[in-house]
1. Once phi is turned into θ = phi - 60°, what whole-Hz ³J(HN,Hα) does the Karplus curve with 6.51, -1.76 and 1.60 give for every residue of segment 48-60, x standing for Gly and Pro?
2. Got a sec to turn the phi values of segment 82-89 into Karplus ³J(HN,Hα) couplings, 6.51 cos²θ - 1.76 cosθ + 1.60 with θ = phi - 60°, whole Hz, x for Gly and Pro?
3. Just the number please: accessible area per residue for the chain, 1.4 Å probe, all protein chains included, in Å².
4. Between rounded, prolate and oblate, where does segment 1-57 land on the alpha carbon gyration tensor, with a ≥ b ≥ c its root eigenvalues, rounded for a/c under 1.5, else prolate if a/b exceeds b/c?
5. Please report the spacing between the Cα centers of segment 2-20 and segment 39-114 in Å, no decimals.
6. On alpha carbon coordinates alone, what is the Rg over Rh value for the chain, Rh being the Kirkwood radius?
Amino acid sequence: MNAHPYSPAFVAGGFGFVSGALSVDENGTAVPGRSEALVAAGARLAERLESVGMSLADVVKTTYFVTDVTLRDEANLHYELLFENPRPARSFVEVAALPYGASVEIEAIAHRRS
């Protein structure tokens, strides 16, 4: 049973909509460290995409929510590793806090390629 009242990922019309994937480990504990948090959020994003038969290669748009805007340069480097060219469009937003003490949350829209 899902612990939340929403779907972690949902498909409609060939598009996948992924709820924010937090920088937590497999047990839901916030991952410390800047680069480590980015890697964890990317891993959770990939898991959510996989749950609806999609992958990172299908992503066309992301929104990064971070608790520290100075993470931008590290996020850019991580983005280059996470996604191949042409990379998805991205928004980058600083927020006051994220659930479970996470420092990064990645939301995505994907499109299933024929």
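1. Each residue's phi maps through the Karplus curve to give 5, 4, 4, 5, 10, x, 10, 9, 4, 5, 8, 6, 10 Hz.
2. With the stated coefficients, segment 82-89 comes to 6, 10, 8, 5, x, 6, x, 5 Hz.
3. Working: 6470 Å² over 114 residues.
Ligands and nucleic acids excluded, the figure is 57 Å² per residue.
4. Judged from the Cα gyration tensor, segment 1-57 comes out oblate (a/c at least 1.5, b/c at or above a/b).
5. 15
6. Values: Rg = 13.3 Å, Rh = 14.1 Å.
Here the Rg-to-Rh quotient is 0.94.
The values are calculated or read from the model by the stated rules, or taken from the named source; none is laboratory data. Everything numeric in this text was worked out from a predicted model, so none of it was measured. Note: areas computed on protein heavy atoms with side chains; ligands, DNA, RNA excluded. Shrake-Rupley method; radii C 1.70, N 1.55, O 1.52, S 1.80 Å.
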